[in-house]
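*Asks:* First, the structure itself, so that you have it in front of you.
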Amino acid sequence: MGTPVNITLGSHVWVEDPELAWIDGEVTEIKGTNATILTANEKTIVASISSIYPKDTEAPPAGVDDMTKLAYLHEPGVLHNLACRFSLNEIYTYTGNILIAVNPFQRLPHLYSVHMMEQYKGAAFGELSPHLFAVADTSYRAMINEARSQSILVSGESGAGKTETTKMLMRYLAFMGGRSDTEGRSVEQQVLESNPVLEAFGNAKTVKNNNSSRFGKFVEIQFDKRGKISGAAIRTYLLERSRVCQVSDPERNYHCFYMLCAAPPEEVKKFKLGDPRTFHYLNQTNCYEVSNVDDAREYMETRNAMDIVGIGQEAQDAIFRVVAAILHLGNVNFIKGEDADSSKLRDDKSRYHLQTAAELLMCNEKMLEDSLCKRVIVTPDGNITKPLDPESAALNRDALAKTVYSRLFDWIVDKINSSIGQDPNATSLIGVLDIYGFESFKINSFEQLCINLTNEKLQQHFNQHVFKMEQEEYTREEIDWSYVEFVDNQDVLDLIEKKPGGIIALLDEACMFPKSTHETFAQKMYQTYKGHKRFSKPKLARTAFTVNHYAGDVTYSAEFFLDKNKDYVVAEHQALLDASKCSFVANLFPPLAEDASKQSKFSSIGTRFKQQLQALMETLNTTEPHYIRCVKPNTVLKPGIFENDNVLNQLRCGGVLEAIRISCAGYPTKRAFDEFLDRFVMLAADVPEGSDEKSACASICDKMGLKGYQIGKTKIFLRAGQMAELDARRTEVLAGATRHIQRQIRTYLTRKEFLGQKKATIYMQKLWRAQLARKLYQHMRREAASICIQKNIRADRARKCFTNLKASATVIQSGLRSMDARNKHRHRRRTKAAIIVQRELRRYQAHKAYSQYKKATLALQCLWRAKVARKELKNLKMAARETGALKEAKDKLEKRVEELTWRLELEKHQKVDLEEAKAQEIANLQNTLTGLQEKLDEAHAAIIREKEAAKLAIEQAPPVIKEVPVVDNTQLELLSSQNKELEVEVEKLKGKIEEFETICSALEIDSKASLTEAEDAKAKAIQLQEVIERLHTNLSDLESENQVLRQQALAASTSAEESGHLNSLKDRVAILESENESLRRQTAAEEKTVPPEEVFGSAKNLENGHQTEEIQATKEPRNPVIVLAKQRSLTDRQQESHDVLMTCLTDERRFDNGRSVAAWIVYKALLQWRSFEAEKTNIFDRIVHKIRSSIEKSQDDTMELTYWLTTSSTLLYLLQSTLKFSNTNKAASGRNRSSRTTLFGRLVQGMQPSAVGLEKTSGYSGMVGISNDQEMVEAKYPALLFKQHLAAYVEKTYGMIRDNLKKEINPLLNLCIHAPRPTRPRTLRDVTKSIHLSTTAKQQTSYVQWQNIINKLEHTLTFMAENHVPSMITRKLFHQVFSYINVQLFNSLLLRRECCSFSNGEYLKMGLHELEQWCLKAEDEAARSPWDELQHIRQAVKFLVLHQKTQKSLEEITKEICPVLSITQVYRIGTMFWDDKYGTQGLSPEVIKQMRKLMTEDSVNMTYPSFLLDVDSSIPFSVEEVSQSFHGETISLSDVDPPPILRQRSDFHFLFPDIA
């Protein structure tokens, strides 16, 4: 990282600290090669100068977004920059084109919204703030432009957020490439839904993470030729198979084993499982549970996830059968058999587990036992069966378990891929690699060696990529880089994987020898790599060895290396499971080739691991890589905690520091010429005047004696340590200038002090003279005071005497006055009591009178209302009698319904009364029965008492008396007879109850029949009413047709040539009148007789809105040939009129007093032709088609669009003010208008017309005002649909004009957001006068760009004024455009740190001032009112150019400076701000701390808002607002001059007011 040089007294440096890793301090003393440093925590440390690094005191407090911009690219600088940005919730940071993502451990939804995706869409890399969307967008653009596959390598340790990062990357790729849905789920959703399944079978608890992935995952997002997502696939690599059989304490095996043991009882019983502690593969460690994880719940969630990814219930049961079989296999133990080197099952328990495993795998138990205890060796002479000793049998068992689990995992991955759907024709892909990071534990075994080998391979790939990027930049800048050395780790890779001679090769060789042990393997390594610089042996170690990785030294324990590496593919196992009765298990082991199935082959896990790793590297080498390094800031997984040691270790393991080493090997410091001169301009005192920037930079470096630097085309490249040398010299120059300034200030302060002392001396003399005068005055005062005291003493004595007399008199007076006062008080109390009694009495009397008045008033009101109601009822009855026979029939039906209803109610009441009577009678009988029962009980009790008395008497009688039994049965017989009578009465009552129930059921049946009859009658009445309404509608249609024909005949009378046709029209009118009369008579007759279905067959509608009725009358018709010919002639003339009207709509572009002539003509023609009242017409479709085609042809022509906006809005207003809609039309079109939320849908809500000054045709003599709804046109459904289409095209045209204006000003806004840097070479004089010149240049540039924007706005405003667009629409459009300007400028400000500077704030302020001046000078109100839409950017700019920000409190900022901005927005601007003009600081730490606290509370309450603004693309007005925009004008349509093309046609004479 470069050796720190030029460390002087007062230098700010970084020094190592055991607690904080690195801590900043100031050098207070230097002795030789040691320096004494006063640290920030007030401690004094002595350290070697070679171990400390310089600190950039001018680095922004918020850090830099790209760490290649750091002045000192070293370990403490990188760590400090990440910590600064993390404290501000800036979790993403670039290191060149590498993204570092720090896990915030909290929700930051504003960073991943759709609006944020739109901001990064198409943005150049590095233009906006660091974000993973920028990496995803860069890879997507590279794939599209270069037609090359891309890969994004996401790495980091467990808990660093790799999975979440992968999820967000896929979201963005789906956003860019469109969504390819399968069964309603997008591709990235399906990939993410597979995560729970893969985690269950591929994740386990490790020392550092409770859910660590023990396999690598490469997600391929496949794209077609158009760049749309066409498929996806998940490739898994490097599954840790040895974990199935061997687990270290305190880790766990794969999650699926523990989930299955915690499954529901029926599942556990089916698979014959139990406590995990009873299984050998799980009890090798003492960890069986994970905190905050419920294995039973995880089991159910995994089952649900399997359902989602398409794994059926049968396949799920088979999967978990295999998992359970593996657990049972682990409990199969062996002992020595009868023969030497043979083995057999240890006990019955092992036999039970073997039987269970065979049962679950559905294979032969004996064959399974033989495959574990014996080995078949194939020889030329035949097969030899060799028994295995117990140790070999156990290894054979573990090999089977690992093979089965590996095959199962591969099957699950293949099933998930088939569910997602791959595209074999995909042209390119973007792969996202999520793989485990570098691992170094207290005890490291074979798994850690494989994992670290993977990371070494990826690190080499990473180093090559970083070195390539460095080379590209050097080539681009045309500098010599031939001597820059590449930092390579090939020697470590050779140490581990080289064949022969690598550690894995030695391990495979040891596994081939039966007598090899881990100790012999370790000794072989010690001998082989004795002199290797990357390999070492720890002291006093017998089996341990240390490998020097890129991330540091890792010590491995060779114990269990041999066991974990052995992976036999046994032919007996293959044959056994291939013959399984379970098709699932058999498919896991498809038949092998004949030569492969003859014998068992040794397979090394390490070798297979190398092969998979090589396949992964080949895949990555075919793609263009992009890197994201995820970092876990703390081990407690809580937000706001940044542990330096932990992060530093991850930076080492993630290769970030290795990338810095590569940069330091070349030119770690790269600065643009202007930045370099801005920083070191004070070192250029001797540089000749007139030198350009490039020469000035070279002169400064040469003057400072720098060697090895290079000058590029736009940047200067410095070697490691040279920046520190320049800073040291700069510090000396600044220190000298500081001393000179201090000397001048001290001189000024000394003179100022002397003048102050002189002035003070004169002032002291004046004070002393004043003191003497005061003493003389004091003596005189004392003498006068003594005289005054004597006088006062005499007066005091006289006053005391008087006071005593006065006190005595006062006592006497007070006694008398108190007695009088008590008498008066007593009198007042009595008076007050009397008043209270009188008041309560009067109140009671008044309240009583008021209550009586109130009751009387209510009675009078009720009587009066009853009188009015009776009068109204009388009127209604009179009106009802006039409705005719149909009304009477309807009343009869209603009365019949009422009668039936009354009868039903009466029957219900009778039923209720009957049930009540029955219940009453039953209750009476029950009471009687109860009484008789009580009497019977009393009789029985009396008999018992008599018997007891008799017994007592017998016992007391003398023994000489002979006992004579006496039995009295009279009472018993009496009671028995009464009991029988009661039973007879109960039977009678039961019979009566049954009769009552029969009667009730019969009444209920009758009531139901009556109700059904009443409902049928009501339905018939409703149906008959609908028939009558339809007949009335047909009558009105025929009358309207007669009226149209009369009008056409009258218009035709002006031409002498058509007199013959006039006669025929008159005949037609007479015929229709006679038909109308007959139809009226027929309707009156059919109102009573004709069913509804026979009424509709007679009506036929013509296409242009004129309706005819062909009714088969009794009189003879006229000649049908003549009638049809006349109808054809009428249709042709109407079609010709429509064509002329369409020509007028397209060609007539005049405006008469601000009114669209074309809209007036169309409206008046439609009104004259009664098209609005037609049930079917095509004129509306032609008008809509003409408007649509014209708009589509002129999508980019604002002038043309504004004309059509005016025409369509005017026509819409005329329709809105003239038409009314009947209930039948509303019901007929209800299904088409039920769910509309835009202007197109809000039409239904605005059916009530406005009272405006519009005029309407009355006859042929022009227009008269509309007075009420009775004079308005009742529109049919086609008219409603036409109105909806007009509203839709008003919306569409408005949106096209608005979007065109946005499209024109958007490139200009991108130029306005950031003050441009001068591109021409600057001289040294230019540098020294940069402030003035930059201000002038910014003013000129700002004026040009903003003037272009103003010109665009002015042109649009002019077009809308020339075409008389309603002022409301113009105002709304400019409001939305100004809002768009506000959103674009404000969002760009928040996403680009280089824009949040003081000078850029001045640049924006000048531009906004130009826009404000245009708004103030504009004559149109529509251009003046939208200025308030720029509140966000105006307040943000006001904050940027604010001086003394550190003195402002949070309340002042949020309430006075930026009241519109949210806390999140102010926080982001405040933390990104940097003063490039005066070098002042931003907000105070206290204010930032308060804002962070408020933001944390918002995030806890789930209200964390996005700091970006959203673009409003809605339609901001409704039909009512369009109508109201014309209210200020009185639109008179009678004085509009029609165009010449219509004056020549007689069928448009109704447009001329002089025709009577």
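*Asks:* Distance between the C-alpha centers of region 827-898 and region 749-772? Whole Å please.
*Replies:* So the separation of the two Cα centres works out to 100 Å.
*Asks:* Among the lysines, which fall within straight-line cross-link reach of residue 1448, defined as a Cα-Cα distance under 19 Å, with same-chain neighbours fewer than 8 residues apart omitted?
*Replies:* 1438, 1489, 1493
*Asks:* Tell me the Kirkwood radius of region 1-86: reciprocal of the mean inverse pair distance over distinct alpha-carbon atoms, in Å.
*Replies:* 13.1 Å
*Asks:* Which of the aspartates and glutamates could a cross-linker span from residue 1303 if the Cα-Cα distance has to be under 16 Å and same-chain partners fewer than 8 positions apart are dropped?
*Replies:* Cα-Cα hits under 16 Å: 118, 1196, 1197, 1354, 1512.
*Asks:* Something else: List the pairs from 121/228; 918/1008; 457/499; 468/694; 457/566 whose alpha-carbon separation is above 20 Å, in the order I gave them.
*Replies:* Cα-Cα > 20 Å for 918/1008; 468/694; 457/566; rest within.
*Asks:* At most 13 other Cβ atoms within 10 Å and a DSSP loop assignment: could you name the GluC sites (Glu not before Pro) in region 475-556 that fit? Walk me through the intermediate numbers first.
*Replies:* Details: sites: 477, 478, 485, 497, 509, 519; in loops: 477, 478, 485.
Here the GluC sites (Glu not before Pro) that fit, given the DSSP loop and packing criteria, are 478, 485.
*Asks:* I would also like to ask the following. Mind putting a number on the dipole of region 89-177 about its Cα centre? Charges go on the C-beta only, +1 for Lys and Arg and -1 for Asp and Glu, and I need it in Debye to the nearest 20.
*Replies:* Details: 7 positive and 7 negative charges, 44 e Å.
Dipole size: approximately 200 debye.
*Asks:* Ok, one more. Please give me the summed charge of the neighbours of residue 387: other residues whose Cβ is under 11 Å from its Cβ, Lys and Arg +1, Asp and Glu -1. Don't jump to the answer; show the numbers that get you there.
*Replies:* Values: positive: 336, 344, 374, 375, 386; negative: 338, 339, 341, 370, 389.
So the surrounding residues net to 0.
*Asks:* May I ask you to list the GluC sites (Glu not before Pro) in region 20-115 that are in a DSSP loop and have at most 16 other Cβ atoms within 10 Å of their Cβ?
*Replies:* Numbers: sites: 26, 29, 42, 58, 90; in loops: 42, 58, 90.
Within region 20-115, the qualifying GluC sites (Glu not before Pro) (loop, at most 16 other Cβ atoms within 10 Å) are 42, 58.
*Asks:* Going Cα to Cα from residue 874, which lysines come in below 25 Å? Please leave out same-chain ones fewer than 8 positions away.
*Replies:* Partners within reach: 887, 890, 892, 895.
*Asks:* Pairs of alpha-carbon atoms within less than 8 angstrom and 6+ residues apart define the contacts here; what relative contact order does region 44-190 have, in percent?
*Replies:* Relative contact order, region 44-190: 15 percent.
*Asks:* Still on this structure, I have one more. So which chymotrypsin sites (Phe, Trp or Tyr not before Pro) in region 490-554 pass both tests, a DSSP loop state and at most 15 other Cβ atoms within 10 Å of the Cβ?
*Replies:* none
*Asks:* Another one. Which links in 1283/1417; 539/610; 272/366; 832/854; 707/1477 stretch past 28 Å when you go from one Cα to the other?
*Replies:* Numbers: 1283/1417 38 Å; 539/610 30 Å; 272/366 20 Å; 832/854 32 Å; 707/1477 32 Å.
From 1283/1417; 539/610; 272/366; 832/854; 707/1477, over 28 Å: 1283/1417; 539/610; 832/854; 707/1477.
*Asks:* Relative contact order of region 608-679, please, whole-number percent, based on alpha carbon pairs below 8 angstrom and at least 6 residues apart.
*Replies:* Relative contact order here is 18 percent.
*Asks:* Would you mind counting up the charge near residue 160? Only other residues with Cβ under 12 Å from its Cβ, with Lys and Arg at +1 and Asp and Glu at -1.
*Replies:* Surrounding charge for residue 160 is +1.
*Asks:* Next up: Once the other residues with Cβ under 13 Å from the Cβ of residue 88 are scored (Lys, Arg +1; Asp, Glu -1), what is the net sum?
*Replies:* Net charge in that neighbourhood comes out at +3.
Just so you know, all these numbers are worked out from the coordinates, no wet-lab data involved. Computed from a prediction, not measured in an experiment: that's the story for all the values here. FYI the Cβ positions are ideal-geometry reconstructions off the backbone, even for glycines, and counts take in every protein chain you see.
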